[in-house]
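Undergrad: Sharing a structure below in C-alpha cells format, with a few things to ask.
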Amino acid sequence: GEAAINCQELEAQVLKACASAVKACGVSSDAGPVELRPLGSNAFGINGSTIAADESVNFVVVAPLSVEITEYLKALKSILRSDFGAEVVWPTSTDGPLAAPGLQFQLQGTETQLLLTQDIPMLPQPTGLALVQNTTGYLAYEATMAILAAVPSQTLFRQLLRCIRLWAKNRGVYGHAQDFGFFGGMAWAICCARACQTCKLDELGAVITHFFSYLSGWNWQQPLRLISYSQDPEEPWVFNAPEKRSSMVVALPVGKHVNMTSHASETAMKLTQKELERGARITSLVLSGKAQWRDLFSEAKFFDRHKHFIEFNFLASTLEVLQPWMAWGREHLKGLPVLFEDLRTCNITARALPQWIAYKDAEWPHARAVFVAVRVMSKPQKTETD
C-alpha cells in the first residue's frame with residue numbers, strides 16, 4: 001500500500017499555507033500569529049504519529065479577527081493549489097451543529113479537512129439555538145479537549161474509540177457528517193468517553209463489553225452527557241424544531257443544549273439501538289467463550305439482506321467537480337429518512353447505507369453511489385429495523 005504520511009510534516013505545511021493566506025489578505029503581522037489546532041481523530045490521537053493512506057486528518061485554524069472569512073478562504077484555496085500542490089480543494093461537510101466555514105483538500109495524498117474559526121471576545125455561551133458559524137470550529141476543538149480531560153485514561157479511551165469507529169462503520173451505523181441521521185464521529189466519541197467514565201476496569205475487552213452493556217441499557221428519554229459536564233443534568237433539554245424527531249440525544253460537553261445528534265432520524269436511531277443490543281449480546285457471549293471478537297466487528301450484509309434499492313449516482317469528470325457535487329448531495333439527502341418515515345402509512349420502509357461507494361463507470365472517471373434499501377410491507381410497520 002501507499003506509505004503513511006507523517007502528521008507533524010502535514011501539520012507544518014497546513015500551518016504555513018494558513019499563514020500565507022493571512023498575508024495575502026493584507027493583514028498586518030500585529031494582528032497576531034495564526035493558530036492551527038487538531039480536530040477529530042487527529043486530536044483524539046486515533047492516527048498516532050502517522051496517517052495511513054486511507055485515513056483523513058482534521059484541523060481548525062484560528063484566524064485573526066481582522067480577516068474577512070470569504071476573502072481568506074479564497075486566498076487559502078489559491079495558495080494550497082499553487083504553492084503546496086493540493087490536488088483538489090472543495091468546501092467542508094461537517095458534523096451536524098458544528099458546521100463551520102472551511103476547506104477540504106488532498107495534500108501529500110491525504111484527505112485533509114480544515115475548519116476556519118475566530119476567537120470572538122464577549123460572545124455569550126453557545127447554545128443549540130444560537131451558534132455563530134465563525135466560532136463553531138473553536139467549539140469543536142474545545143469539545144475535543146473537554147472529552148480528553150474527562151476520561152480516566154486517554155490511552156484506553158483512544159483504544160475504545162478506534163474499536164467503536166470500526167464497529168460502527170462495519171455495521172452501517174456511522175454517518176460521516178451525520179449521513180442519513182446516523183451518529184457522526186463526535187457523537188460516538190462522547191459515547192465512548194461516557195463508557196470510560198463509568199467503567200471500573202482498565203482492560204480493553206472489559207471496557208468494550210461495558211460500552212455495549214451501558215449504551216444498550218441507557219434510558220434515551222434522557223440526553224447522554226459526560227459526567228463532568230457542568231450543565232445541571234436535571235435541567236430539561238431544549239430542542240430545536242428539527243430535533244424533535246430525535247430519540248437519542250448526545251450532548252456536546254461545551255456550550256448549552258448543543259445536540260450532536262440534531263439530524264438524527266427515527267429509523268437511524270432504532271437501527272443504532274438494535275446494533276448496540278446486538279453488541280451487548282455478542283460481548284456477553286465472548287466472555288463465556290461462545291463467540292469471538294471478530295463476530296462483533298463482522299460487516300453487516302446490507303446487500304444480502306435486502307432485495308430492492310434506490311440508487312443515487314454522483315458522476316463527474318474530475319475530483320474537483322465530484323467533491324462539491326457530493327457535498328450538495330449529502331446536504332439534500334439529509335431529509336430523505338424523514339420522507340420515508342412519513343410514508344409508513346403506505347407500508348413502505350427504508351434503510352439507508354451511510355456510505356459513499358466508489359465504482360467504475362464506463363463514461364465518467366469519477367463515480368460514487370449511495371444506496372437506500374426499500375421494503376413494501378404487507379402490514380403497516382413503525383420503522384425498518386433490520
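The values are calculated or read from the model by the stated rules, or taken from the named source; none is laboratory data. Values in this document were obtained by computation on a predicted structure and should not be read as measured data. Here Cβ is always computed from backbone atoms with ideal geometry, including for glycine, and neighbour counts include all displayed protein chains. To get the accessible areas, we keep the full protein, side chains included, count just its heavy atoms, and leave off ligands, DNA and RNA. Shrake-Rupley method; radii C 1.70, N 1.55, O 1.52, S 1.80 Å.
Undergrad: Would you check if there is a residue in segment 135-147 being touching a residue at least 40 places away in the same chain (Cβ under 8 Å), within 14 Å of the chain's Cα centre (by Cα), open to solvent by 20 Å² or more (accessible area, probe 1.4 Å) and within 21 Å of Leu276 (Cβ to Cβ)?
TA: No, segment 135-147 contains no residue that is touching a residue at least 40 places away in the same chain (Cβ under 8 Å), within 14 Å of the chain's Cα centre (by Cα), open to solvent by 20 Å² or more (accessible area, probe 1.4 Å) and within 21 Å of Leu276 (Cβ to Cβ).
Undergrad: State yes or no: is Ser298 out of contact with any Phe, Trp or Tyr (no Cβ under 9 Å at 6 or more places or on another chain) and touching a residue at least 60 places away in the same chain (Cβ under 8 Å)?
TA: In short, yes.
Undergrad: With the structure loaded, tell me whether Lys256 is farther than 30 Å from Phe340 by Cα, modelled with pLDDT of 95 or more and open to solvent by 60 Å² or more (accessible area, probe 1.4 Å) or whether it fails that test.
TA: no
Undergrad: Just need a number here: residues in segment 259-273 that are over 17 Å from Ala350 (Cβ atoms) and modelled with pLDDT under 90. Steps first, answer last, please.
TA: So in segment 259-273, the residues over 17 Å from Ala350 (Cβ atoms) come out as 259-262, 273.
Next, only the ones that are modelled with pLDDT under 90 stay: 259-262.
The number of residues fulfilling the criteria is 4.
Undergrad: Still on this structure: Can you find a residue that is without any contact (Cβ under 8 Å) to a residue 40 or more places away in the chain and surrounded by fewer than 17 Cβ atoms within 10 Å (Cβ to Cβ) anywhere in segment 152-166?
TA: yes
Undergrad: Turning to a different aspect of this structure: Give me a count of the residues in segment 60-99 that are of a type in the set (D, E, K, R), in contact (Cβ under 8 Å) with a residue 24 or more places away in the chain and farther than 19 Å from Pro38 by Cβ.
TA: 5
Undergrad: Any residue that is farther than 26 Å from Gly335 by Cβ, modelled with pLDDT of 90 or more, among the β-branched types (Val, Ile, Thr) and not in a helix (DSSP H, G or I) - is there at least one of those in segment 140-158?
TA: yes
Undergrad: Residues that are within 18 Å of the chain's Cα centre (by Cα) and either of a type in the set (Gly, Ala, Ser) or modelled with pLDDT under 95 (or both): does segment 239-246 have at least one? Spell out the reasoning first.
TA: Of all residues in segment 239-246, those within 18 Å of the chain's Cα centre (by Cα) come to 243, 246.
Now drop any that are not either of a type in the set (Gly, Ala, Ser) or modelled with pLDDT under 95 (or both), which leaves 243, 246.
Yes, segment 239-246 contains a residue that is within 18 Å of the chain's Cα centre (by Cα) and either of a type in the set (Gly, Ala, Ser) or modelled with pLDDT under 95 (or both).
Undergrad: State which residue pairs qualify: first residue over 30 Å from Pro337 (Cα atoms) and inside segment 265-290, second residue in a loop (DSSP other than H, G, I, E, B) in any location, beta carbons under 8 Å apart, and separation of 6 or more residues or different chains.
TA: Here the result reads Leu285/Ala291; Val286/Gln292, each pair linking segment 265-290 to a residue that is in a loop (DSSP other than H, G, I, E, B).
Undergrad: Tally the residues that are within 23 Å of the chain's Cα centre (by Cα) and either surrounded by fewer than 18 Cβ atoms within 10 Å (Cβ to Cβ) or assigned to a helix (DSSP H, G or I) (or both), restricting the search to segment 76-98.
TA: Residues meeting the conditions: 4.
Conditions (1) modelled with pLDDT under 70; (2) touching a strand residue (DSSP E or B) at 6+ places or on another chain (Cβ under 6 Å), marked per residue:
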residue	(1), (2)
Gln13	no, no
Lys16	no, no
Asn42	no, yes
Ala52	yes, no
Asn58	no, yes
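Undergrad: Considering only residues that are among the hydrophobic types (A, V, I, L, M, F, W, C), closer than 30 Å to Arg351 by Cα and touching a helix residue (DSSP H, G or I) at 6+ places or on another chain (Cβ under 7 Å), which ones fall in segment 147-175? Let's see the steps before the verdict.
TA: From segment 147-175, those among the hydrophobic types (A, V, I, L, M, F, W, C) are 147-151, 156-157, 160-161, 163-164, 166-168, 173; that's our starting set.
Restricting the remaining residues to those that are closer than 30 Å to Arg351 by Cα gives 160-161, 163-164, 166-168, 173.
Within segment 147-175, Leu160, Leu161, Cys163, Ile164, Trp167, Ala168, Val173 meet the criteria.
Undergrad: Among all residue pairs at least 6 apart or on different chains, which show Cβ distances below 7 Å where the first residue, located in segment 206-221, is at pLDDT below 95 and the second is aromatic (Phe, Trp, Tyr) and crowded, with 22+ Cβ neighbours inside 10 Å?
TA: As it stands, the answer is none, since no pair meets every condition given.
Undergrad: Sort out which residues of segment 101-129 are under 19 Å from Ser262 (Cβ atoms) and either of a type in the set (D, E, K, R) or open to solvent by 60 Å² or more (accessible area, probe 1.4 Å) (or both), and write them in order of number.
TA: Gln125, Leu129
Undergrad: Out of segment 56-73, which residues are open to solvent by 80 Å² or more (accessible area, probe 1.4 Å) and under 25 Å from the mean Cα position of the chain (by Cα)?
TA: Listed by number, the list holds a single entry, Thr70.
Undergrad: From Ala327, Ala280, grab the single residue that is touching a Ser or Thr at 6+ places or on another chain (Cβ under 8 Å), modelled with pLDDT under 95 and open to solvent by less than 50 Å² (accessible area, probe 1.4 Å). Can you show your working first?
TA: Details: Ala280 fails: modelled with pLDDT under 95.
Matching residue, one of Ala327, Ala280: Ala327.
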